[in-house]
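Q: Questions regarding the structure given below will be posed in turn.
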Amino acid sequence: MEVQLIIGYATSAVFLVSNCLARLRWAMAIAVVAALLRVGSVGLLWAVDWNAAADHVVLVLPAMLAAILLAPPLLPAARWRRRTAVLAAVLQCYATFVPQAPPYLFTLQMMALVLLLGGALLRGLDDRPRVVLAVFVISALLGTAGAWATSRLPGRLSMANHGNIDLGAAQDPAHTAMAMTTRTGTTSRDIDISTLTGPPTGKPDKAFTLTAQRTRIRLASGQQVEAWTYNGTTPGPELRVKEGELVQVTLVNRDISEGVTLHWHGLDVPNAEDGVAGLTQDAIHPGQRHVYRFVPRQVGTFWYHSHQVSDTQVRRGLFGALVVEPAAPQAVEDLTAVVHSYPTGSHNTTSLALAGAAPSSGVSRRAVKPGTRVRLRILNADNEWRGYTVTGAPFKLAAIDGADLHGPTDITGKSLRVAGAGRNDITFTMPSGPVQLAVSDDENGVGNPIALLTPDGAGKPAPITVNPYLDPTTYGTPGGAPFGPGSHFDRRFTLLLGQGFGFFDGGFLLQRTINGALFPNVPSLMVRKGDLVKVTFLNRSFSEHPMHLHGHHMLVLSRDGRPATGSPWWTDTLQVSPGEHYEVAFRADNPGLWMDHCHNLQHASQGMSMHLMYEGYRTPYQVGTATGNNPE
Ligand code: C2O
Ligand code: CU
């Protein structure tokens, strides 16, 4: 799909340039060829999915058509052709670079307006060039100022905006009618999500205290990092608990002035324990504390991180591994490998923390007796996906995002691609030689840290290889999924991941949009408890987006129209690459108000964030500069 998009943009550009050519016949010939190519590229996009082609069909092609009709044949004077070419260029740029979302009605109106006003102005260019120029400049300035001003976020804002919801299309019309009766706005009968806590009483089986504090740390490889930490280390302490235990974590903020929280990434805790500043709690400011209590029902690799100003706070170190072990003791060497890029001056240094040790951008070693069963939990605590290469032993991919895979088989000659914020657990039997885990591809920072397991804990790393990536949609064997592509879905949503230039909260930036909008204007997905929900992610942008849904795990149904045929693949953070198209499903079984956002936390902080809302729930918390809460 990326290729189709690039062809499309390129032919648009050729078309526009050709319109400006002085020689009519050449101009027309080139324009016709370019326009045909453009139509062809749109056809290819349409073959992927109507949503991939929609804005091209509805906006870009009509703009092109307008230019064809208006320019060369009717306007033989070269000067006029150039002027209409400019107009066509303005229209196409508007359709292409300003984020758009179906049903495009507003955009079509704006385009018609530009055509009319622009046409009228162009007519007057010969008589009154100064006036025309002044009108152009003034309207451009006014438009820009208006866009800037309306993009400012209010000082106080409820993240649960009941006036802006998406009810989803139901599979049968009767259900749609029922869904449409959903109330908008809150009433006193709505349940306050701050009551949706874990067990409030009872002696915890495991109790931890995590103190957020500023610390200067030294990576094992020597670099100094001005870090923000839990308990003075980053990653913070590795929390290990068992399935079914009552866990209590006390968060203390010593000196992180913006405030902090703790979010249990991938652990589907009760809503009030989810740790999102401004949605499920207030940020915890210096001198304050907050207690989280929950009973983990999942087994696997998770992580915790602050969900207040998370882009900065996670980057600087406010995160750690959270492992939920099975209740029965396991005879395995169980190790975490937490990878993160720390800001070290001019660039980010990628480092790996092995089994709770300090992070190193070089080689981390560990002695493992031959014959031992090993479970290595790879945690990618960053914005971008990473490639990992394991050499020295055949291994299995045992789990993704804290969910075991069904029937995993031995892997050789394949590397692993771990989503931003994602986890991959691998298992293998320790051979008599070394086993090496290396970061083999990385967009997050500089460096290729290595974890080296050897019988004596010594030894030199082997050169890093890059293999083709394992495809989770075909790995393992099917079985055990409670629903699938053929199930009856109560709600179906489509999330178009796009881009465009514009303002967000008063700043001009490359917008990363969901359905053409930014937080808080992306309609929330509204569900009822018990609904089976299908979500389609379609990435129409040129950026990677690891999409993270809080409080639920999503079952991958298909990628790019091809059904997943391997083990059920449950994910909490799905890497949706440019041009990719995923269908996922989840059961709405954890009521409350949940974030659903891109876990490239920079994108999230720039508005690529939305919510999953259960009907009949409200939050007492707010976000905005006046509240001290800023989850991203
Ligand atoms: Cu890892 Cu919304 O978070
Ligand atoms: Cu993103």
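The values are calculated or read from the model by the stated rules, or taken from the named source; none is laboratory data. The model shown is predicted, which means the values in this text are computed figures rather than measured ones. Note: ideal-geometry Cβ built from the backbone for every residue, glycine included; neighbour counts use all protein chains shown. Just so you know, the surface numbers come from the protein's heavy atoms only, side chains and all, with ligands and any DNA or RNA stripped out. Shrake-Rupley method; radii C 1.70, N 1.55, O 1.52, S 1.80 Å.
Q: Roughly how many Å is it from the Cα centre of the range 91-108 to that of the range 329-349, as a whole number?
A: Between the Cα centres of the range 91-108 and the range 329-349 lies a distance of 43 Å.
Q: Lys/Arg Cβ at +1, Asp/Glu Cβ at -1, dipole of the chain taken about the Cα centre: which of T150, F483, S432 is farthest positive-ward?
A: T150
Q: Counting only DSSP beta bridges with both residues in the chain, what percent are antiparallel, rounded to the nearest 5?
A: If we restrict to bridges inside the chain, about 70 percent are antiparallel.
Q: At a Cα cut-off below 15 Å, give the aspartates and glutamates reachable from K369, other chains included and same-chain residues fewer than 8 away excluded.
A: By straight Cα distance, K369 reaches E333, D334, D456.
Q: A follow-up question, please. Jot down the radius of gyration and Dmax of the chain, Cα atoms only, both in angstrom.
A: Taking only Cα atoms of the chain, I get Rg and Dmax of 26.8, 89 Å.
Q: Kindly report, to the nearest 10 Å², the accessible surface of L16 as traced by a 1.4 Å probe over protein heavy atoms only.
A: Number for this one is 30 Å².
Q: For the chain, what is the charge dipole size about the Cα centre, in debye to the nearest 20, if Lys and Arg each add +1 at the Cβ and Asp and Glu each add -1 at the Cβ?
A: Dipole about the Cα centre, nearest 20: 1240 debye.
Q: Let me ask something additional. Among the lysines, select those whose C-alpha is under 29 Å from the C-alpha of K206, and discard any that sit fewer than 8 residues away in the same chain.
A: K242
Q: For Cα pairs less than 8 Å apart in space and 6+ apart in sequence, what is the mean separation divided by the residue count of the chain, i.e. the relative contact order in percent?
A: 15 percent
Q: What accessible surface, in Å², does a 1.4 Å probe find on H552, ignoring ligands, DNA and RNA and rounding to the nearest 10?
A: 0 Å²
Q: Would you check the accessible area of T627, probe 1.4 Å, heavy atoms only, in square angstrom rounded to 10?
A: We get 30 Å² for T627.
Q: From largest accessible area down, sort S194, S541; use a 1.4 Å probe on the protein chains.
A: Ranking S194, S541 by accessible area, largest first, yields S194, S541.
Q: Using a Förster radius of 35 Å, what is the FRET efficiency between T209 and A328 based on their Cβ-Cβ separation? Nearest 0.05, please.
A: The formula returns an efficiency of 0.80 here.
Q: Regarding the range 555-632, what are the three Cα extents along the principal axes, ordered largest first, in Å?
A: 49, 30, 16 Å, listed from the longest principal axis down.
Q: Along the charge dipole of the chain, which of H340, G402, Y304 sits closest to the positive end, that is, farthest toward it, with unit charges on the beta carbon of Lys, Arg, Asp and Glu (+1, +1, -1, -1)?
A: So the residue we want is H340.
Q: Remind me, relative contact order of the range 407-547 in percent, using alpha carbon pairs under 8 angstrom and six or more residues apart?
A: With pairs under 8 Å counted, the relative contact order is 22 percent.
Q: May I ask you to rank Y104, Y469 by accessible area, largest first, using a 1.4 Å probe over the protein chains only?
A: So the residues, ranked largest to smallest area, are Y469, Y104.
Q: Let me ask something else. Considering only C-alpha atoms, what is the centroid distance from the range 603-632 to the range 258-291, in Å?
A: The range 603-632 and the range 258-291 have Cα centres spaced 12 Å from each other.
Q: I've got another one for you. Restricting to DSSP H runs of at least four residues, report the calculated mean residue ellipticity at 222 nm for the chain, -39500 (n - 2.57) per run over all residues, nearest 500 deg cm²/dmol.
A: -7000 deg cm²/dmol
Q: Separate question: For the chain, which whole percent of the accessible surface, found with a 1.4 angstrom probe, sits on carbon and sulfur atoms?
A: Here carbon and sulfur together make up 60 percent of the probe-accessible area.
Q: Right, here's the next one. Please list C93, C598 in order of solvent-accessible area, largest first, computed with a 1.4 Å probe with all protein chains present.
A: C93, C598
Q: With the dipole of the chain worked out from charges on the C-beta (+1 for Lys and Arg, -1 for Asp and Glu) around the Cα centre, which of F586, S360, T372 lies farthest toward the positive end?
A: S360
Q: A follow-up question, please. For the range 298-361, what number results from the quotient of the Cα radius of gyration and 2.2 N^0.38 Å?
A: Cα-based Rg divided by the globular estimate yields 1.32.
Q: While we're on this one: Let me know the charge dipole size of the range 206-335 about its Cα centre in debye, to the nearest 20, where only the beta-carbon of Lys, Arg (+1) and Asp, Glu (-1) is charged.
A: So the magnitude is around 380 debye.
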